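Student: Mind looking over this structure? Questions follow.
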Amino acid sequence: MIDNKKVLFSGMQATGTITLGNYLGALKNWVTLSDEYECFYSVVDLHSITVRQDPAELRKRARNLLTLYIAAGLDPKKNCIYYQSHVSGHAELGWILDCFTYMGELNRMTQFKDKSAKHADNINAGLYTYPVLMAADILLFQADVVPVGKDQLQHLEITRDIAERFNNIYGDVFTIPEPYLGKAGAKIMSLQDPTKKMSKSDENANASIFLLDDTDTIIRKFKRAVTDSEACIRYCDEQPGIHNLIDIYSACTSKTPEEIVAEFEGKGYGDFKLAVGETVANTLKPVQDRFYELQSEKAYIDGIIKENAEKANYYATKTLRKVQKKVGFPERIR
Ligand code: TRP
């Protein structure tokens, strides 16, 4: 608890440009949650280097992501928006927790299995202990809730296991975090293969809408979106392409799928795809405008980065010192 509010932690990787899926599935909800919780929203750049990155590119993407958090509506005075690499406690707690995590547990992580298949030439130890760093992120701030997608639930489970194991030995050190799953239907799929999640790292650029895609690009991508063969707008599992477009339209307009089906009754795929494209473009436009405005306010963003790194460091150090003492490290002489 901070000032009588429950603590929320979440983060995104700056590995690619974030997508419409990240926005509708996460970022947009983060803004809503920021009223109720004391929030820490990190740009998790330590996680990003588990996969080889171009340094200049990583720096640029991290800055863009941090700016996008603010452009999407997160107030950086209320929410702690910061770079993970500016708070050394993440890595320090990560190491300690490594010593409380079993290889057998890490061997079961499905994301590790997927990623090591995908990056077979670089199966590094960081990729393997990634879930422990994620646990450190969360536990460092004594987070009560963690909004995550379904694909991260296993990592949250291991976070809870590590925290409970530690608490069983040393007493109540860590708050046990709960996952916060957004409302159903916010999972956005690829526009080219609606059985796959929309991803930042998809090789086919037409499969994903990136948050900074301009209006023409967005409309073109929706025109090319893979649809089904029934040629009518129905909301059902047999039409995964249309299902996905309805979900997107629904998330942007707050209309229910039933209302949307009624709205497009008798219309063809072409009309519907255009409508979805235009709606998405209109939804993203204010975020994009604000992003470009903020991008030119360098001193303002730098100030936010500095202030929030200090704030994050303050809370992180509090937990870290407690943990260091518990495991038997010597007191600091002041
Ligand atoms: N692993 C998460 C992802 O790839 C990102 C992440 C890192 C995270 N640390 C976190 C999410 C802590 C929530 C809480 O999506």
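Student: Which of the residues that make up the range 1-15 are open to solvent by 10 Å² or more (accessible area, probe 1.4 Å), within 15 Å of the ligand (Cβ to nearest atom) and hydrophobic (A, V, I, L, M, F, W, C)?
Tutor: Met12
Student: Next up: Condition check: open to solvent by 50 Å² or more (accessible area, probe 1.4 Å), in the same structural domain as Asp137 (by TED's automatic domain parsing) and not small (Gly, Ala, Ser). Does Ile18 satisfy that?
Tutor: For Ile18, the condition - open to solvent by 50 Å² or more (accessible area, probe 1.4 Å), in the same structural domain as Asp137 (by TED's automatic domain parsing) and not small (Gly, Ala, Ser) - is not met.
Student: Is it fair to say Gly73 is more than 14 Å from the ligand (Cβ to nearest atom), under 25 Å from Asp3 (Cα atoms) and open to solvent by 10 Å² or more (accessible area, probe 1.4 Å)?
Tutor: Taking the combined requirement at face value, the residue satisfies it.
Student: Under 6 Å between Cβ atoms, which residue pairs at least 6 apart in sequence (or on different chains) link something in the range 120-147 that is in contact (Cβ under 8 Å) with a residue 40 or more places away in the chain with a partner that is more than 9 Å from the ligand (Cβ to nearest atom) and of a type in the set (Gly, Ala, Ser)?
Tutor: Pairs found: Leu133/Gly94; Ala136/Gly94; Leu139/Ala163; Leu140/Gly89; Leu140/Ala316.
Student: Based on this model, can you work out whether Gly94 counts as assigned to a loop (DSSP other than H, G, I, E, B), of a type in the set (Gly, Ala, Ser), at pLDDT 95 or above and closer than 27 Å to Tyr314 by Cβ?
Tutor: No, not satisfied.
Student: Could you please find all residues in the range 118-147 being part of a loop (DSSP other than H, G, I, E, B), within 13 Å of the ligand (Cβ to nearest atom) and surrounded by fewer than 21 Cβ atoms within 10 Å (Cβ to Cβ)?
Tutor: Asp144
Student: Tell me yes or no: at least one residue of the range 86-100 is open to solvent by 40 Å² or more (accessible area, probe 1.4 Å), in contact with a helix residue (DSSP H, G or I) (Cβ under 9 Å, 6 or more places away or on another chain), at negative phi and hydroxyl-bearing (Ser, Thr, Tyr).
Tutor: Yes, some residue in the range 86-100 is open to solvent by 40 Å² or more (accessible area, probe 1.4 Å), in contact with a helix residue (DSSP H, G or I) (Cβ under 9 Å, 6 or more places away or on another chain), at negative phi and hydroxyl-bearing (Ser, Thr, Tyr).
Student: Out of (1) modelled with pLDDT of 95 or more; (2) open to solvent by 20 Å² or more (accessible area, probe 1.4 Å), what's the single condition that is false for Ala205?
Tutor: Going through the list (1) modelled with pLDDT of 95 or more; (2) open to solvent by 20 Å² or more (accessible area, probe 1.4 Å), Ala205 breaks only (1).
The values are calculated or read from the model by the stated rules, or taken from the named source; none is laboratory data. Note that the structure is predicted; figures quoted are calculated from it, not measured. For neighbour counting, all protein chains shown are included, and Cβ atoms are generated from backbone atoms with ideal geometry for every residue, glycine included. Remember, those area values only see protein heavy atoms, side chains included, never the ligands or the DNA or RNA. Shrake-Rupley method; radii C 1.70, N 1.55, O 1.52, S 1.80 Å.
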